[in-house]
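First the structure, in the form of structure tokens, and then the observations on it.
The values are calculated or read from the model by the stated rules, or taken from the named source; none is laboratory data. Please read these numbers as outputs of a predicted model, since none were measured by experiment. Every residue, glycine as well, gets a Cβ built from its backbone with ideal geometry; the counts of neighbours run over all protein chains shown. Surface accessibility is based on the protein's heavy atoms, side chains included, excluding ligands, DNA and RNA. Shrake-Rupley method; radii C 1.70, N 1.55, O 1.52, S 1.80 Å.
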Amino acid sequence: MLPHIDPARETKRLTEFIKQTVYKRGFKNIVIAVSGGIDSAVSLTLAVAALSQQHVFPIMLPYKSLSKQATIDAELIIAKLKFLQKQVEIVDISPAVDPLLKTLGLKFNSPTHRIRIGNIMARMRMIVLYDYAKKHRALVVGTENKSEHYLSYFTRFGDEASDIEPIKHLYKTQVYELARYLKIPESILTKAPTAGLWSGQTDEGEFGFTYKLADQILFGLYDKKYSPEKLVKLGFKRTEVENVKQWVEKNWFKHELPIAYQHS
């Protein structure tokens, strides 16, 4: 049901979008957080195609050894794109995060504190990223996709924050299509998507469903405007449709904030 993309056409369109967006705002440079995941790898590759390496500043933002594999994968895509070392920044956010966790009484190994700590880490990364944007007089390229948007799978004022969003119109499975065309390294293509906020964390583990399934249901519900009953008739299990729909609805408030007083 979800249509395939034309990756060659998409690449051309998105590189032009990045280039024109940056230039029209009076900038020449961009910064991007490179997490080692598929979305940042694709966004980084598109940015280089649009502006060349000398105008792109990749920033890796690990938290101690928690992000060891992510750092390895981030270095892999950075090396593939032939960045000079002076273009790349690695900032361990733990010296900034840990004192705040101590002040707030948050324990890293406590399951009840995980979401709060993850949000703090995401917001700290964005503080660093925007500081480097100021340093390089650059715009921040975001890496959100359409699946994450509908599922509200982001931290407000954290990984949600950006100046340019090149792949926000693509579902996660479509991002994979584009990634294969762009020849993103296999280790990035095949690993489980994760926000890297705690050990063993994966996106799909949190959802309770796969991106492959969610994308089809999301496309049916919100792009095609099908009712849940129609999706069931098309072959989806009712529980699958309801699980995805409930995830969207319980987190949709993120898209409606801040709520301003309306003077009558």
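Key figures for this structure:
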read-out: Proximal lysines relative to Lys102, as straight alpha-carbon distance under 26 Å, when same-chain residues fewer than 8 apart are discounted; value: Lys64, Lys68
read-out: Size of electric dipole in region 87-194: Cβ of Lys, Arg +1 and of Asp, Glu -1, about Cα centre, debye, nearest 20; value: 200
read-out: Subset of Lys146/Lys237; Lys172/Lys224; Lys28/Lys134 violating a 20 Å alpha-carbon distance limit; value: Lys146/Lys237
read-out: Pairwise centroid distance, computed over Cα atoms, of region 72-148 with region 218-264, Å; value: 30
read-out: Student exercise, region 114-264 dipole from Lys, Arg, Asp, Glu Cβ charges, in Debye to nearest 20; value: 40
read-out: Given charges at Cβ of Lys, Arg, Asp, Glu: region 18-159 dipole, positive-most of Thr143, Leu129, Phe154; value: Leu129
read-out: Cα convex hull of region 1-55, projected area averaged across orientations, nm²; value: 4.6
read-out: With all protein chains modelled, accessible area of Arg114 [1.4 Å, Å²]; value: 90
read-out: Kyte-Doolittle mean at least -0.5, axial Cα span of 27 Å or more - DSSP H helices of the chain; value: 114-135
read-out: Simple spin-label estimate for Lys102 and Tyr222 in nanometres, 7 Å along Cα-Cβ; value: 4.1
read-out: Distant alpha-carbon pairs in region 1-97 (separation over 23 angstrom), percent; value: 32
read-out: Rounded to the nearest 10 Å², the accessible area of Leu151 at probe 1.4 Å; value: 0
read-out: FRET efficiency estimate (nearest 0.05) - Cβ-Cβ, Arg114 to Met1, R0 35 angstrom; value: 0.55
read-out: Heavy-atom accessible area ranking, 1.4 Å probe, most first, across Tyr63, Tyr130; value: Tyr130, Tyr63
read-out: Rounded to whole Å, sorted largest first: equivalent-ellipsoid semi-axes of region 161-239, Cα gyration tensor; value: 26, 17, 14
read-out: Å² of accessible area per residue within region 30-144, as computed with a 1.4 Å probe and no ligands counted; value: 47
read-out: Sulfur and carbon atoms: percent of accessible area, the chain [1.4 Å]; value: 55
read-out: Average Cα contact separation per residue, region 158-229, under 8 Å, 6 or more apart, as relative contact order %; value: 23
read-out: Nearest-10 value in Å² for the accessible area of Asp73, using the 1.4 Å probe; value: 0
read-out: Distance in nm between pseudo-label sites at Gln69 and Val232 (7 Å out along the Cβ direction from Cα); value: 3.8
read-out: Helix-derived mean residue ellipticity, 222 nm - over the chain, DSSP H n ≥ 4, -39500 (n - 2.57), to 500; value: -15000 deg cm²/dmol
read-out: log₁₀ of I(q)/I(0) at q = 0.20 Å⁻¹ - region 114-172, Debye sum with one point per alpha carbon; value: -0.77
read-out: Assigned charges on the beta-carbon of Lys, Arg, Asp, Glu; the chain dipole about Cα centre (debye); value: 340
